[in-house]
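Any read-out appearing in this document is the output of simple, stated calculations on the displayed coordinates, not a laboratory observation. Keep in mind the model is a prediction, meaning the values are calculated, not measured. Please note: Cβ atoms are built from the backbone with ideal geometry, for glycine as well, and neighbour counts cover all protein chains shown.
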Amino acid sequence: MALNREFIRLSSFYLFYFALVGVYIIFLPKMLSGAGYDATHIGALFSASPLMRFIMPFIFRRYGGLNSKTYLISLIIIPLSVIFMFIFLNNFYMLFVINLIYGASMGVILPFVDTYALKIIGKERYGRVRLWGSIGFMFIALWLGSRLQSLEEAMVYLLITAVLTAISGWSIDNPKEIKKHDTSLKDRIKATISLSRYWAFWIGTLLLQVSFGGFYNFFTIYETAHGISLEMTSWLWSFGVICEIVMLYFQGPLMRINLLRLIEFTTFATALRWWILWLYPDSLLMAFLSQSFHALSFALYYTSAIAYIYELYSDKKLAQQFFLGISFGLGGALGSVIAGWIYESYSTQLFLAEALIALLSFFMIVIHSTRVKKANLKV
């Protein structure tokens, strides 16, 4: 009974957290553009969040691990930062600082909840909780896509989802239960997060997210430039999320397989996904086939990776922070910059380049797997 209550609370958190992410990354840039911000300013503003996701784990490693107190403070900061965004909408520099604070807080709460979810419900059931995040993201995209008219409306929805995220996040913070999983000072001293020891793995996770830069930033532009309508492209996006949700729901038995093998497989599948987009840019059928790979290259990869990191390090919350910061933080930022440069100079070769980057990621994971076997590296 208690486990079912936690399942509902965690599902609610993921639903609202990723609805908040959806408003922030899908609609806010367009609304800011309509309010007079140019591409350079918008790019700078939206680089703040991934930048802080990358920086925060190093700060926590230096000054102490992530705990329930930091988590609760971050939950309070998120809606407050949205309010201050609204107040300083016309001040670029203040808005940039507020986005740094917002990004830092968002980068704290997700690793904390992911670690808690893996501890409480286990890696086999994690996907069935996490899929509610995909539902929230897709719902907000479809709901606001035909309704949002102004920057002020976008800020209202951003605030609503921020408040709901804070409330749902607070509801899962059962002090008696969560504080059991706080990393003690003694454990933090004992459990150092060594990136160099598993260098090939961390480079692999970085490169995989770099390869997503072309997809997240240019997939719509790429497909419409090759004759696929904007409406059909939106269905391609939705189909990818649906495949992701299906995988998250049914992936439980796969989590009992060797996690490194799953990571190798899904990384290679990602390279194949971008390869298909490069080979068949005009084919709607092949575009849908490549989108079906989202079940592997995002859903199964993400769950396998966070479950593997959970087993790899003793300071589990800090390790999840590093995963989020290195992959979606630094990897996301580098991926955007690199994809922009490639598309501007060699637009037809964008997904060939992304396929090669993903293939490099696969080789890094294979190297890591070989090192683990050969050197018998222990957690």
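The stretch 19-62 and the stretch 336-379 have Cα centres spaced 24 Å apart.
What number comes out for the charge environment of PHE212, summing +1 per Lys or Arg and -1 per Asp or Glu over other residues with Cβ under 14 Å away? Combined, the nearby Lys, Arg, Asp and Glu give -1.
Using only side-chain charges placed at the Cβ, +1 for Lys and Arg and -1 for Asp and Glu, the dipole size of the stretch 2-182 relative to its Cα centre rounds to 660 debye. Annotation for ILE160 and PHE7: the two label points, set 7 Å from Cα along the Cα-Cβ direction, are 2.9 nm apart. On full extension, the segment bounded by TRP170 and TYR280 gains 34.9 nm, given 0.36 nm per residue less the C-alpha separation.
Here the Gaussian network model covers the chain, with springs between Cα atoms less than 10 Å apart; of THR348, THR266, THR161, THR348 fluctuates the most. GNM on the chain, alpha-carbon springs under 10 angstrom: the most fluctuating residue among GLY227, GLY136, GLY332 is GLY227. Most fluctuating residue of TRP274, TRP143, TRP132 in a GNM of the chain with Cα springs under 10 Å: which is it? Looking only at TRP274, TRP143, TRP132, the biggest GNM fluctuation is shown by TRP143. Per-residue ellipticity at 222 nm computed for the chain from its helices equals -25500 deg cm²/dmol, with DSSP H segments shorter than 4 residues left out and the rest contributing -39,500 (n - 2.57). On the beta carbon distance between PHE239 and PHE58, with R0 = 35 Å, the FRET formula returns roughly 0.40. Descending by average beta-carbon neighbour count within 10 Å, the peptides 90-102, 114-126 line up as 114-126, 90-102, the highest first. Measuring r between the beta carbons of THR40 and GLU152 and using R0 = 25 Å, the FRET efficiency lands at 0.60.
Less than 19 Å from a label point 7 Å out along the Cα-to-Cβ axis of THR224: which backbone N atoms in the stretch 271-309 qualify, by residue? In the stretch 271-309, the label zone of THR224 (backbone N under 19 Å from the point 7 Å along Cα→Cβ) covers 281-284, 287-288. Using the average count of surrounding beta-carbon atoms within 10 Å as a protection proxy, the listed peptides 234-241, 322-329 rank, highest first, as 322-329, 234-241.
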